[in-house]
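Worksheet: one structure, shown below.
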Amino acid sequence: CFFGVSAVLALLPSFVEHRFGHHGAGSARSLGALLSCYGVGSVLGSLLVAPLSARIDRDRLMGLGTAFCGGCMLLLMVGQHPAVLALAMLGAGCSWSLALTCMNISAQLLLPRELLARGLALSMMALMVSMACGSAVWGAVATVSGVDLAFGAAGAAAIAWPVLQAVVAAIRSRA
């Protein structure tokens, strides 16, 4: 799920320059403001894990977080006003943190105690490989087709992944 989500941070500097046409200090201020919104959203997402986990299964919550982040990327693609972009970054940070925290909690609950450290290390490695590969792919898409289209494709991929997982789970439960 983090393959699609990786586009947010990977493309943000190019996005700011493309969208705002800033160079130098203006670009740095805009980038800093959007990254701050992402960070605040991440903190909010961490705080929402416990109350949402009480109502929604963690696997479903992780899928919802991923899909919501995809929606925020689509909003980045079409949004023009800085306040809309800030809200999209707040939502992206919140949903990314929510999905990541759910993944870590699930891993900690599923792994036997004697394998916990190794399992979490493998989980983090898979996350980082997914983010690195996703960043490279979305960067290549942005180079060929533009930043907005790359955000749209990444957002669609982030939305499609949990939907595909739900369809596969429904098929398996019927078999």
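Observations, loosely collected:
- Single residue of Ser42, Ser36 found to be under 20 Å from Gly155 (Cβ atoms) and polar (S, T, N, Q): Ser42
- The helices (runs of 4 or more DSSP H) falling completely within segment 1-79 that include 1 or more residues that are over 24 Å from Met125 (Cβ atoms) and open to solvent by 10 Å² or more (accessible area, probe 1.4 Å) map to 7-20, 25-53, 58-78.
- Verdict on Gly65 being in contact with a Gly (Cβ under 7 Å, 6 or more places away or on another chain) and of a type outside the set (Asp, Glu): no
- Residues satisfying the stated conditions in segment 36-45, i.e. of a type outside the set (Ser, Thr, Tyr) and either over 25 Å from Asn104 (Cβ atoms) or in contact with a helix residue (DSSP H, G or I) (Cβ under 7 Å, 6 or more places away or on another chain) (or both): Cys37, Gly39, Val40, Gly41, Leu44, Gly45
- Qualifying residue in segment 108-124 (condition: modelled with pLDDT under 90 and under 30 Å from Ser14 (Cβ atoms)): yes
- Positions within segment 116-175 being of a type outside the set (A, V, I, L, M, F, W, C), at negative phi and open to solvent by less than 80 Å² (accessible area, probe 1.4 Å), in sequence order: Gly119, Ser123, Ser130, Gly134, Ser135, Gly139, Ser145, Asp148, Gly152, Gly155, Pro162
- Unmet requirement for Leu85, which otherwise passes all of (1) in contact (Cβ under 8 Å) with a residue 12 or more places away in the chain; (2) more than 18 Å from Glu17 (Cα to Cα); (3) open to solvent by less than 50 Å² (accessible area, probe 1.4 Å); (4) more than 13 Å from the chain's Cα centre (by Cα): (2)
One line per residue, one yes/no per condition, for (1) outside any helix (DSSP H, G or I); (2) among the aliphatic types (A, V, I, L, M); (3) closer than 23 Å to Asp57 by Cα:
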{"residue": "Arg118", "(1), (2), (3)": "no, no, no"}
{"residue": "Ser123", "(1), (2), (3)": "no, no, yes"}
{"residue": "Asp148", "(1), (2), (3)": "no, no, no"}
{"residue": "Ala158", "(1), (2), (3)": "no, yes, yes"}
{"residue": "Ala166", "(1), (2), (3)": "no, yes, yes"}
{"residue": "Arg172", "(1), (2), (3)": "no, no, yes"}
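The values are calculated or read from the model by the stated rules, or taken from the named source; none is laboratory data. This is a predicted model, so every value here is computed, not measured. Every residue, glycine among them, receives a Cβ derived from its backbone with ideal geometry; neighbour counts consider all protein chains shown. For accessibility, only protein heavy atoms count, side chains too; no ligands or nucleic acids. Shrake-Rupley method; radii C 1.70, N 1.55, O 1.52, S 1.80 Å.
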